[in-house]
Amino acid sequence: MRVTQRQRVPVVVQTGGRSRTSARALWLAAETVVTCGVLILLLVAHQLWWTNREARAEALDQVRVLEREWDISPPGADVAPDVPGVPGVSESPDAVREADASAAPSASSPAVGVPRANPAPSAAFAVLRVPRLGLTVPVAEGVSKRSVLDKGYVGHYPGTGAPGGVGNFALAGHRNTHGEPFRYINRLGAGDRILLRTRARTYVYRVDLVLASTSPRDVGVIRAVPRSLVRPSYGYSDPGAYLTLTTCTPEFSSAYRLVVWAKLVSAG
């Protein structure tokens, strides 16, 4: 007897279409991730390099414009001899190395040469130099990001004191991006000079105190007699001619504020 075996027909499952679809989706996802990464890198490069380059160039150009104008039309013949690289400042030992109490104005007698009218909003009216940091930057009225700080300038807090006068001449500047003029002010210490030149004269301040961190809402640090409301042990009790520098801290963050205080020692 012959036994006949049934022939089985093999079943072929078509999976090629699904595989190709999955591979294409993965490829598109990978391309999207890479593209986003490149865009993020370009944005970071723009913020950390290009904005600094543009702002520094604009700021230095503004310094040249101001000083050229001042040199063409000086305020008068009573300006002290120039220090090399710092026009209008006397380099005598008494003026530079010691705080000359007679040079600083008293509470009842403002410094000579203090502007009587407020500068126009966003207009540059002074030049700030910090020899320890190799910093030269224009000072403009106001602390608007768009029209002052993002141009690489240092901004004068409206309502605070005038250059060289009794009170508190308070300034703000970026610590990172857009020229970052105040990036390294944390390196300043007691005794470091800060020079502020206006059309009338140049004022020499000396760093006195540094508040490493405080709240952005600590308005006490820019008052006429500056004292921290958050850390009251930092600050002053008596009227004087103060200069205040403020910036964000830590770097690449705006969580807190770093504050440097200086006192006027001479005007030339």
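The values are calculated or read from the model by the stated rules, or taken from the named source; none is laboratory data. Since the structure is predicted, the reported quantities are computational estimates derived from the model, not experimental observations. Here Cβ is always computed from backbone atoms with ideal geometry, including for glycine, and neighbour counts include all displayed protein chains.
Given the criteria buried (at least 20 other Cβ atoms within 10 Å of the Cβ), assigned to a strand (DSSP E or B), without any contact (Cβ under 8 Å) to a residue 40 or more places away in the chain and not polar (S, T, N, Q), does residue 170 qualify? Let's see the steps before the verdict.
On the way: buried (at least 20 other Cβ atoms within 10 Å of the Cβ): yes; assigned to a strand (DSSP E or B): yes; without any contact (Cβ under 8 Å) to a residue 40 or more places away in the chain: no; not polar (S, T, N, Q): yes.
Against the criterion (buried (at least 20 other Cβ atoms within 10 Å of the Cβ), assigned to a strand (DSSP E or B), without any contact (Cβ under 8 Å) to a residue 40 or more places away in the chain and not polar (S, T, N, Q)), residue 170 does not qualify.
Based on this model, can you work out whether residue 225 counts as within 18 Å of the chain's Cα centre (by Cα), under 16 Å from residue 161 (Cα atoms), not aromatic (Phe, Trp, Tyr) and not in a strand (DSSP E or B)? Even if it seems obvious, please write down each step before you answer.
Values: within 18 Å of the chain's Cα centre (by Cα): no; under 16 Å from residue 161 (Cα atoms): yes; not aromatic (Phe, Trp, Tyr): yes; not in a strand (DSSP E or B): yes.
Taking the combined requirement at face value, the residue does not satisfy it.
Just for segment 195-237: of the residues that are charged (D, E, K, R) and more than 19 Å from residue 130 (Cα to Cα), which one is surrounded by the fewest Cβ atoms within 10 Å (Cβ to Cβ)?
217
Residue 153 versus (1) of a type outside the set (A, V, I, L, M); (2) modelled with pLDDT of 95 or more; (3) under 19 Å from residue 242 (Cα atoms); (4) out of contact with any His (no Cβ under 7 Å at 6 or more places or on another chain): which is the lone unmet condition?
Among (1) of a type outside the set (A, V, I, L, M); (2) modelled with pLDDT of 95 or more; (3) under 19 Å from residue 242 (Cα atoms); (4) out of contact with any His (no Cβ under 7 Å at 6 or more places or on another chain), residue 153 violates only (3).
Read through the list (1) surrounded by fewer than 22 Cβ atoms within 10 Å (Cβ to Cβ); (2) outside any helix (DSSP H, G or I); (3) touching an Asp or Glu at 6+ places or on another chain (Cβ under 9 Å), then give the number of the only condition that residue 132 fails.
Checking residue 132 against (1) surrounded by fewer than 22 Cβ atoms within 10 Å (Cβ to Cβ); (2) outside any helix (DSSP H, G or I); (3) touching an Asp or Glu at 6+ places or on another chain (Cβ under 9 Å), the one that fails is (2).
Let's see how each residue does on (1) closer than 14 Å to residue 261 by Cα; (2) of a type in the set (Asp, Glu); (3) touching a helix residue (DSSP H, G or I) at 6+ places or on another chain (Cβ under 8 Å):
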site	(1), (2), (3)
200	no, no, no
210	yes, no, yes
213	yes, no, no
220	yes, no, no
229	no, no, yes
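Residues 206, 227: which one is touching a Phe, Trp or Tyr at 6+ places or on another chain (Cβ under 7 Å), of a type in the set (Lys, Arg) and at pLDDT 95 or above? Quick ask: steps written out before the conclusion?
Values: 206 fails: touching a Phe, Trp or Tyr at 6+ places or on another chain (Cβ under 7 Å).
Matching residue, one of 206, 227: 227.
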